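Written out below as structure tokens is the structure these notes cover.
The values are calculated or read from the model by the stated rules, or taken from the named source; none is laboratory data. Predicted, not measured: the structure shown is a model, and the values here were computed from it. When we count neighbours, we look across all protein chains shown, and the Cβ atoms used for this are built from the backbone with ideal geometry, even at glycine. The accessibility values were calculated without ligands, DNA or RNA, using every heavy atom of the protein model including side chains. Shrake-Rupley method; radii C 1.70, N 1.55, O 1.52, S 1.80 Å.
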Amino acid sequence: MKNLEDNNQIRENNYQIDSCIRHTPGVCGDDACIRDTRIPIWALVRYKQLGLEDREIIERCDRQLEQADLNAAWNYYNMYKDEIIEEEERENE
């Protein structure tokens, strides 16, 4: 039963990522962003690392985001951590 629950959670995480995360050529250096915004995942992760709570991040992003967007961002970061770190490093050069 545990494997079935794990598989369902993986499918849900993948659905969230597929519906919320975009790489748009020419937008934010092709970095992973939330939907059609110019809000890169690395910036959201940075806010989290600075200690902001999800509701504070949503407020700082002028309420362009919903909790589901942040959930997808955290899942994406956990799956593609190296990519996000590289994107942030490139931005800070």
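Using a 10 Å cut-off on Cβ atoms, rank the peptides 30-37, 49-56, 74-81, 62-69 from the highest mean neighbour count down.
Peptide ranking by packing, descending: 30-37, 74-81, 62-69, 49-56.
For segment 70-86, take each phi angle, set θ = phi - 60°, evaluate the Karplus expression 6.51 cos²θ - 1.76 cosθ + 1.60, and give the result in whole Hz per residue in order, putting x for glycine and proline.
Running phi through 6.51 cos²θ - 1.76 cosθ + 1.60 with θ = phi - 60° gives 5, 4, 5, 4, 5, 5, 4, 4, 5, 7, 10, 3, 4, 4, 5, 4, 5 Hz.
Please list Glu83, Glu91 in order of solvent-accessible area, largest first, computed with a 1.4 Å probe with all protein chains present.
Result, largest first: Glu91, Glu83.
Near the amide H of Ala32, under 5 Å away, which other amide H atoms are found, from residues 5 or more places off or on another chain, if H is placed in the peptide plane?
Residues meeting the criterion, in which the H sits 1.01 Å from N, are Ile41.
Find out how many positive minus negative residues lie around Thr37, taking Lys and Arg as positive, Asp and Glu as negative, among other residues whose Cβ is under 12 Å from that of Thr37.
Numbers: positive: Arg22, Arg35, Arg38, Arg63; negative: Asp31, Asp36, Asp62, Glu66, Asp69.
With Lys, Arg at +1 and Asp, Glu at -1, the neighbours total -1.
Roughly speaking, what is the stretch gain from Leu52 to Arg38, that is 0.36 nm per residue apart minus the C-alpha to C-alpha distance, in nm to one decimal?
Result for the pair: 3.1 nm of gain on full extension.
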